[in-house]
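Readers should treat all values here as calculations from the given coordinates under stated rules, not as data from a laboratory. Because the structure is predicted, anything quoted here is derived from the model rather than measured. When we count neighbours, we look across all protein chains shown, and the Cβ atoms used for this are built from the backbone with ideal geometry, even at glycine.
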Amino acid sequence: MMRKEAPIARFWDEFRESRIAVAALVVVALMIGVALLAPLIAPQNPYDLANLVLSDARRPPGYVGSGGYTHWLGTDAQGRDLLSAILYGLRISLQMGLVAGAFAFAIGVTLGIAAAYLGGRREAFIMRVIDLQLAFPAILLALVISALLGQGKAQLVTALVAAQYAYFARTAHGAASAERGKDYVEAALSTPLPARQVIWRHILPNCLPPLIVVATVQVANAIALEATLSFLGVGLPVTEPSLGSLIANGFQYMLSGRYWISIYPGLALILLIVAINLVGDQIRDQVNPRLKR
Amino acid sequence: MLTHIIERVLQALAVMLVMSALVFVGVYAIGNPIDVLIGPDVSQDIRLDTIARYGLDKPLWEQYFTFLGRVLHGDFGRSFVFGMPVLELILSRLPATLELTLAAVLGAALIGIPAGIYAGYRPDSPLSKLIMALSILGFSVPTFWIGLVLIMTFAVELQWLPAGGRGETASLFGVEWTFLTLNGLSHLLLPALNLAFFKLALMTRLARAGTREVMLTDTVKFARAAGISEGVILRRHVLRLISIPLVTVFGLEFASTLAFAVVTETIFSWPGIGKLIIDSIQSLDRPVMVAYLMLVAFVFIMINFLVDLTYFALDPRLRKGRA
């Protein structure tokens, strides 16, 4: 006899079996935690210019600055404590990734499910446009759009969403077309229930598992993409440095051996992306019906 | 078959036309190029003269049709910054990007496919697990950061290789190539490695997944029963069977690598078209931006078209079904 369990509890039991995935999840949670608490735990507010002392600039890790505390990760060219800058940068990077991911999810899933539900020429048209866009590399699309729109958070999110919604649309369309043909959907549609409700209550929930996998990967991708754009100088303005802008700022000092300005923000970025991807990998294995035990 | 091809060609043309309009309007909607062309202190006469010379006083749609007409004659206009024809400018930068991309994709295939086959052949060995862990890292770590680490390690600390530039070139068929000189090769190595990293992870994973599937098939069982050695099975059967999807991906990835070269070229000051587009975005050099985007769109549409045709040739169901 199978025990009756809530699907979430069963999912968690299975998830727990992979120690790596659990560790990755802990890392993600910790990083979100420190990002949220950054103003409370960071040694200084890196954007308050009054806090910055130029004689503290470009000091190596472990240097005790004029503020009287140790800069564990060193300081950057403006004398900013790098640890604080990373905590604040993490905040911005996560914010960009999550907001862009959420918009891309909403737009992409709506389009994908609408196409699958409508069928016929409208479906063919929507999917043709999306396929065309998928053939184009996301980085180029995002680069061009953010170059056209200029710097700023809203512009950057627009660029990221434009580069990523198509992945959600593709996945949602695939899953929804499969559900659309099933008897239970036909049955629900033959009742007087409005179509909207059938989509919302029946089709969408059954499309969620593959979409959650795509969402995890895409949030990681959005963070990496944002960092790349900011590194190239078309992402966020210098007043709102994400991890990518921090790395870019340190690049010019790298050739003179001051590695820490670029390397530590980079390590934080990688830790975050790898951890999200590992969690995504585990969820993918769990929702993949071919690997079901 | 023929109708299918004609249909696809027409589709591709329509897409190019839409792309050109989008790119043109998008690119020309930002900033005022006049501020880039001339200083703020020149006289009003010169200012108006310059505006008229570049046709910037005309309405946008008229500028677009002038542009379209010129493009059909192979004329993309003159670069605001370099003052030379854009097509010439891009073509002069293209070889650098092509050789960088080719070196990266080839390197990724030469390392990634054997590594992937091994990981698929012995999925439980520690080395395979290491390969897979590294491939996750390859997927996750942003290209630009790997570039920084490569520069820091090999150029700054060890001082084995140069940190940027293209080095000496030698001429072949009237084009300057880096890979023909030893100095050039030393300049090529780091950027190519950087660009290859992401593709390497992809190739490894694909080769591994393919190998795992093929190893379970009857082909391999019978080959083993016939007493063929494992090495021969891997080379003759496994490699051949997994090569079809790999070739497709190779083609598609070549195009996306061309786009990714933007990042690598910026870090390593590699004078290719990727560096050119970043520079022209920063200096609002519109003709170059438009031409670059059109060129990339063209390359993508061509490659997709070719891949489509390959499927068509490979899959008999497609031929019967719709033609």
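Counting pairs of alpha carbon atoms under 8 Å apart in space and at least six apart in sequence, what relative contact order in percent does segment A:170-218 give?
50 percent
For B:F67, what is the net charge nearby, where nearby means another residue's Cβ is under 14 Å from its Cβ and Lys, Arg count +1, Asp, Glu -1?
It works out to a net charge of +2.
Going by the alpha-carbon gyration tensor, a ≥ b ≥ c the square roots of its eigenvalues, is chain B rounded (a/c under 1.5) or, if a/c is not under 1.5, prolate (a/b greater than b/c) versus oblate?
Oblate shape, in that a/c is at least 1.5 and b/c is the bigger or equal ratio.
What's the extension gain from B:T66 to B:D45 if we count 0.36 nm per residue and subtract their Cα-Cα distance? Before the final figure, lay out each step's value.
Working: separation 21, 0.36 × 21 = 7.56 nm, distance 2.42 nm.
Gain on stretching B:T66 to B:D45: 5.1 nm.
Kirkwood-based Rg over Rh for segment A:184-293 (C-alpha set), two decimals?
Computed over Cα atoms, the ratio is 1.25.
Comparing B:T217, B:T97, B:T266, which has the greatest mean-square fluctuation in the GNM of chain B with Cα pairs linked when under 10 Å apart?
The residue with the greatest mean-square fluctuation here is B:T217.
Please give the contour-minus-distance gain from B:L158 to B:A209: 0.36 nm per residue of separation, less the Cα-Cα distance, rounded to one decimal in nm.
Gain on stretching B:L158 to B:A209: 14.7 nm.
Using only the alpha carbons, work out the radius of gyration and Dmax of chain A in angstrom.
Final numbers for Rg and Dmax: 22.6, 75 Å.
Can you give the FRET efficiency to the nearest 0.05 for A:I212 and A:L118, using r as the Cβ-Cβ distance and R₀ = 22 Å? Each step should come with its number before you reach the end.
On the way: r = 24 Å, r/R0 = 1.11.
Using R0 = 22 Å, I get an efficiency of 0.35.
Along each of the three principal axes of the Cα atoms of segment B:190-318, give the extent in whole Å, ordering the values from largest to smallest.
For segment B:190-318, the Cα spread along each principal axis is 66, 38, 16 Å.
Along the Cα→Cβ direction, 7 angstrom out, place labels at A:R128 and A:W12. What is the inter-label distance in nm?
Distance between the two pseudo-spin positions: 4.8 nm.
So between A:Y184 and A:T239, what do we pick up on full extension, going 0.36 nm a residue minus the alpha carbon distance?
Separation in residues times 0.36 nm, less the Cα-Cα distance, equals 14.4 nm.
If Lys and Arg each add +1 and Asp and Glu each add -1, what is the summed charge of the other residues whose beta carbon sits under 12 Å from the beta carbon of B:T219?
Result for the local shell: +2.
Can you compute 3J(HN,Hα) from phi for each residue in segment B:105-116, using the Karplus curve 6.51 cos²θ - 1.76 cosθ + 1.60 with θ = phi - 60°, rounded to whole Hz and x for Gly and Pro?
Result, ordered by residue: 5, 5, x, 4, 5, 5, 8, x, 5, x, 4, x Hz.
Can you check what the net charge comes to around B:G116, using other residues whose Cβ is under 13 Å from the Cβ of B:G116 (Lys, Arg +1; Asp, Glu -1)?
Cβ neighbours under 13 Å give a net charge of +4.
Whole angstrom only: what separates the Cα centroid of segment A:24-40 from the Cα centroid of segment B:181-220?
35 Å
Starting from the amide H of B:S269, placed 1.01 Å from N in the peptide plane, find each other amide H under 5 Å away whose residue is 5 or more places distant or on another chain.
B:G165
Once segment A:121-260 is represented by equal point scatterers at the alpha-carbon sites, with solvent omitted, what log10 I(q)/I(0) does the Debye formula produce at q = 0.10, 0.12, 0.15, 0.16 Å⁻¹?
For the requested q values the scattering log ratios are -0.49, -0.64, -0.84, -0.90.
Can you tell which of B:L158, B:L309, B:L60 shows the greatest fluctuation in a Gaussian network model of chain B with Cα springs below 10 Å?
Comparing B:L158, B:L309, B:L60 in a Gaussian network model of chain B, the most mobile one is B:L158.
What translational diffusion coefficient, to the nearest whole µm²/s, does the protein assembly as shown have by Stokes-Einstein, given a Kirkwood radius computed over alpha-carbon pairs, a temperature of 20 °C and 1.002 mPa s viscosity? Kindly include the intermediate steps, with their values, before the conclusion.
Numbers: Rh = 27.0 Å.
For the chosen part, D equals 79 µm²/s.
For the cross-link pairs B:K129/B:K199; A:K182/B:K129; B:K129/B:K275, which exceed 30 Å when the distance is taken from alpha carbon to alpha carbon?
A:K182/B:K129; B:K129/B:K275
Each residue of segment A:263-274 in order: what ³J(HN,Hα) in whole Hz does its phi give by Karplus 6.51 cos²θ - 1.76 cosθ + 1.60, θ = phi - 60°, with x for Gly and Pro?
5, 5, x, x, 4, 4, 4, 5, 4, 4, 5, 4
One quarter of the convex hull surface, Cα atoms only: what value does that give for segment A:108-189 in nm²?
Details: hull surface 24.1 nm².
With every direction weighted equally, the projected area is 6.0 nm².
What is the distance, in nm, between label points placed 7 Å from the Cα along the Cα-to-Cβ direction at B:T3 and at B:K58?
Placing both labels 7 Å beyond Cα along the Cβ direction yields 4.1 nm.
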